[in-house]
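Quick one: this structure, given as structure tokens, is what I'll be asking you about.
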Amino acid sequence: MFDKILIANRGEIALRVVRACREMGIRSVAVHSTADSDAMHVRMADEAICIGPPPSAQSYLSFPAIISACEITGAQAIHPGYGFLSENAAFVQAVEDHGIVFIGPSAEHIRIMGDKITAKETARSLGIPVVPGSEGGVPSLAEARRIAGEIGYPVIIKATAGGGGRGMKVARDPAELELAFGTARSEAKAAFGNDEVYLEKYLARPRHIEVQVFGDGRGTGVHLGERDCSLQRRHQKVLEEAPSPAITAEERDRIGRICADAVARLGYSGAGTIEFLYEDGQFFFIEMNTRLQVEHPVTEAILGVDLVREQIRVAAGLPLSFAQEDLRINGHAIEVRINAEKLPHFAPSPGRITQYHAPGGLGVRMDSALYDGYRIPPFYDSLIAKLIVHGRDRPEALARLGRALGELIVDGVDTTVPLFEALLEEPAIRAGEYDIHWLERWLRERMTAAS
Ligand code: MV4
């Protein structure tokens with residue numbers, strides 16, 4: 001096992017990794033920009049080292065700054081958290097070239113899944129159900145017309161190099177396809193410097209359901225059930241829950257087994273998430289994330305597994321501490337993402353926290369790097385806390401969420417807490433009946449009603 005791990009991240013996820021390290025008897029090294037000298041992850045780690053000025057490009061994204069910090073502190077491994085360098089294959093290569101262990105999958109697996117077309121081809125070849133569409137890139141409008149005629153309208157055009165929903169266009173008929181194809185290509189070229197696009201059947205009202213997987217890099221693959229992340233705004237998740245209120249135990253076992261099998265055959269190492277659109281009882285692969293995700297605590301809550309600990313074990317060459325048959329789902333968990341943002345437009349709201357009180361009690365977990373008097377810098381993501389509640393069933397988790405939100409105090413900045421208080425009143429949320437478009441529709445209706 002490692003003696004010392006460097007955490008190439010900040011905020012709540014850096015703290016999350018510090019905590020796992022401490023429980024495992026591993027020393028932790030925090031890195032920070034000059035804007036984060038007073039950050040909680042810096043205070044809680046065993047050591048801290050400044051790696052540059054506030055802009056991420058010169059600090060949290062700087063290969064030389066982070067690799068030098070490892071060499072100076074003697075850290076043997078790097079945990080990347082999520083975002084920043086967590087899915088950067090070139091970084092993984094550089095880290096390994098310096099004899100440091102990257103806590104995550106191989107550069108090759110990150111590269112395969114980072115390209116939407118090779119990801120989809122790989123998924124299909126491993127027996128994962130994919131959305132019907134083009135095989136690879138679509139070079140011309142004529143070819144797009146032919147494929148759309150085959151799979152049927154509506155279709156969606158996606159940029160190969162895209163992600164996070166950027167560069168997507170829907171076409172309902174051949175006339176719309178002409179415009180959509182041209183726009184998708186030129187937007188892809190402008191945004192990503194790559195105009196390659198591909199075509200898929202457009203699913204009108206799916207849910208976003210993702211399967212948590214783990215590989216030990218030596219042919220063992222397991223799944224840890226799914227999370228329902230359908231509540232999104234502008235491709236940002238707002239609330240996540242596990243298990244999904246939309247699927248049966250049989251559906252879970254079936255898709256889970258397919259994913260675990262795929263991970264085993266890939267020889268995948270570490271944590272991964274296989275994302276699906278789910279509609280009318282069918283799963284369709286869209287992409288795979290090769291990192292720990294923001295919403296991993298809902299899986300931890302219902303399975304009692306420490307996912308960061310497992311990541312560290314696997315990176316150190318140890319087996320997973322559990323087998324598939326050891327896992328049993330216990331109850332229901334919900335996470336809400338509390339952002340320093342001002343409603344109704346979600347404008348960033350950085351500033352000083354004048355009063356902070358975290359909720360507690362049975363079934364409540366608060367993952368946050370906030371403290372009284374902390375100044376939220378304006379340079380980074382607006383996520384300031386994740387509130388995760390766990391109950392014996394979904395109604396109990398919902399009740400606990402309402403109770404915990406009532407205990408929480410975050411003064412000095414605006415937050416998205418009022419959004420969750422309003423969502424808890426909604427019959428569709430209470431019933432678990434929402435798709436990927438539900439939240440945006442609800443926000444639009446409420447905003448027009450308020451004005
Ligand atoms: C789709 C789709 C409908 N049909 N693909 C958006 C982000 C990217 N990761 C995939 N996305 C979508 N792909 C087909 N064939 C609808 C979306 C989509 C979406 C997906 C997940 C969560 C929220 C979403 C919001 C709008 C569109």
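None of the figures in this text is laboratory data; all of them are computed from the coordinates on show. Owing to the predicted nature of the structure, the values given are computational and were not obtained by experimental measurement. All Cβ positions, even for glycine, are placed from backbone atoms using ideal geometry, and neighbour counts span all protein chains on display.
Based on the Cβ-Cβ distance of Glu250 and Ile72, what FRET efficiency does E = 1/(1 + (r/R0)^6) give at R0 = 45 Å, to the nearest 0.05? Could the numbers behind the result be given before it?
Details: r = 53 Å, r/R0 = 1.18.
For Glu250 and Ile72, the calculated efficiency is 0.25.
Quote the FRET efficiency, to the nearest 0.05, computed for Asp46 versus Ala428 with a Förster distance R0 of 56 Å and r equal to the Cβ-Cβ distance.
The calculated FRET efficiency here is 0.75.
Right, here's the next one. Dipole size in debye (nearest 20) for region 132-201 around its Cα centre, Lys and Arg Cβ +1, Asp and Glu Cβ -1? Before the final figure, lay out each step's value.
Working: 9 positive and 10 negative charges, 31 e Å.
For region 132-201, the charge dipole is close to 160 debye.
Restricting to Cα pairs below 8 Å that are 6+ residues apart, what does the relative contact order work out to for region 316-394? Please round to a whole percent.
Reported as a whole number, the value is 41 percent.
Normalised by the empirical 2.2 N^0.38 Å for globular proteins, what value does the Cα Rg of the chain take? Can you show the working numbers first?
Details: Rg = 21.8 Å, N = 451, 2.2 N^0.38 = 22.4 Å.
Rg over 2.2 N^0.38 Å, computed on Cα atoms: 0.97.
Compare the Cα positions of Thr160, Ser244, Pro54 along the charge dipole of the chain (+1 at Cβ of Lys, Arg; -1 at Cβ of Asp, Glu; about the Cα centre) and return the one farthest towards the positive end.
The Cα lying farthest towards the positive end belongs to Pro54.
At 7 Å along Cα-to-Cβ for each site, give me the label-to-label distance between Arg234 and Asp3 in nm.
4.7 nm
Using a Cα-Cα cut-off of under 16 Å, which lysines could be cross-linked to Lys386, ignoring same-chain neighbours fewer than 8 residues away?
Cross-link targets: Lys237.
For region 132-201, count the residues as N, evaluate 2.2 N^0.38 Å, and divide the Cα radius of gyration by that value, please.
So the Cα radius of gyration is 0.96 times the expected 2.2 N^0.38 Å.
Would you mind computing, in nm to one decimal, how far apart the modelled labels at Leu362 and Leu318 are, each placed 7 Å from Cα along Cα→Cβ?
Rounded to a tenth, the inter-label distance reads 3.2 nm.
Using only C-alpha positions, report the orientation-averaged shadow area of the convex hull of region 313-451, nm², one decimal.
Values: hull surface 46.2 nm².
The number I arrive at for region 313-451 is 11.5 nm².
How large is ³J(HN,Hα), in whole Hz, for each residue of region 129-139 in order, when computed from phi with the Karplus curve 6.51 cos²θ - 1.76 cosθ + 1.60 and θ = phi - 60°, using x for Gly and Pro?
Here the 3J(HN,Hα) series is x, 10, 5, x, x, 5, 8, x, x, 10, x Hz.
How about region 84-178: which chymotrypsin sites (Phe, Trp or Tyr not before Pro) there are in a DSSP loop, with at most 11 other Cβ atoms within 10 Å of their Cβ?
none
What is the gain in length, in nm to one decimal, between Leu179 and Arg218 on full extension, counting 0.36 nm per residue of separation less the C-alpha to C-alpha distance?
So the chain would gain 9.3 nm between Leu179 and Arg218.
So for the chain, averaging the separation of alpha carbon pairs under 8 Å that are six or more residues apart and normalising by length, what relative contact order in percent results?
With pairs under 8 Å counted, the relative contact order is 14 percent.
Sorted from fewest to most neighbouring beta carbons within 10 Å, what does the list Met113, Met1 look like? Don't jump to the answer; show the numbers that get you there.
On the way: Met113 25, Met1 13.
The fewest-first ordering by Cβ neighbours comes to Met1, Met113.
Compute the Rg/Rh shape ratio of region 242-359: radius of gyration over Kirkwood radius, all on alpha-carbon atoms.
1.03
Still on this structure, I have one more. Kindly provide the helix-only [θ] at 222 nm of the chain, computed as the sum of -39,500 (n - 2.57) over DSSP H runs of four or more divided by all residues, to the nearest 500 deg cm²/dmol?
Mean residue ellipticity, 222 nm, calculated: -10500 deg cm²/dmol.
Hey, can you rank 366-373, 222-229, 321-328 by average C-beta count inside 10 Å, highest first?
222-229, 366-373, 321-328
Can you run phi through the Karplus equation (6.51, -1.76, 1.60; θ = phi - 60°) for region 414-419 and list ³J(HN,Hα) in whole Hz, with x for Gly and Pro?
Taking θ as phi minus 60°, the curve returns 7, 9, 8, 4, x, 4 Hz for region 414-419.
Taking a cut-off of 22 Å, what percent of all Cα-Cα pairs in region 4-98 are separated by more than that? Show your work: numbers first, answer last.
Working: 718 of 4465 pairs.
Cα-Cα pairs of region 4-98 separated by over 22 Å account for 16 percent.
Okay, next question. Give me the mean projected area, in nm² to one decimal, of the convex hull enclosing the Cα positions of region 207-450.
With the hull built on Cα positions only, its mean projection is 13.6 nm².
For region 234-242, just list the computed ³J(HN,Hα) in residue order, Karplus coefficients 6.51, -1.76 and 1.60, θ = phi - 60°, integers in Hz, with x standing in for Gly and Pro.
Listing the rounded values in order: 6, 6, 10, 5, 10, 8, 10, 9, 9 Hz.
Oh, and also: Name the aspartates and glutamates eligible as straight-distance cross-link partners of Lys120: C-alpha to C-alpha under 14 Å, and not fewer than 8 places from it in the same chain.
Glu135, Glu200, Glu275, Glu287
Give me the one-decimal nm value for the distance between modelled label points at Glu96 and Glu143, 7 Å along each residue's Cα-to-Cβ direction.
Distance between the two pseudo-spin positions: 3.1 nm.
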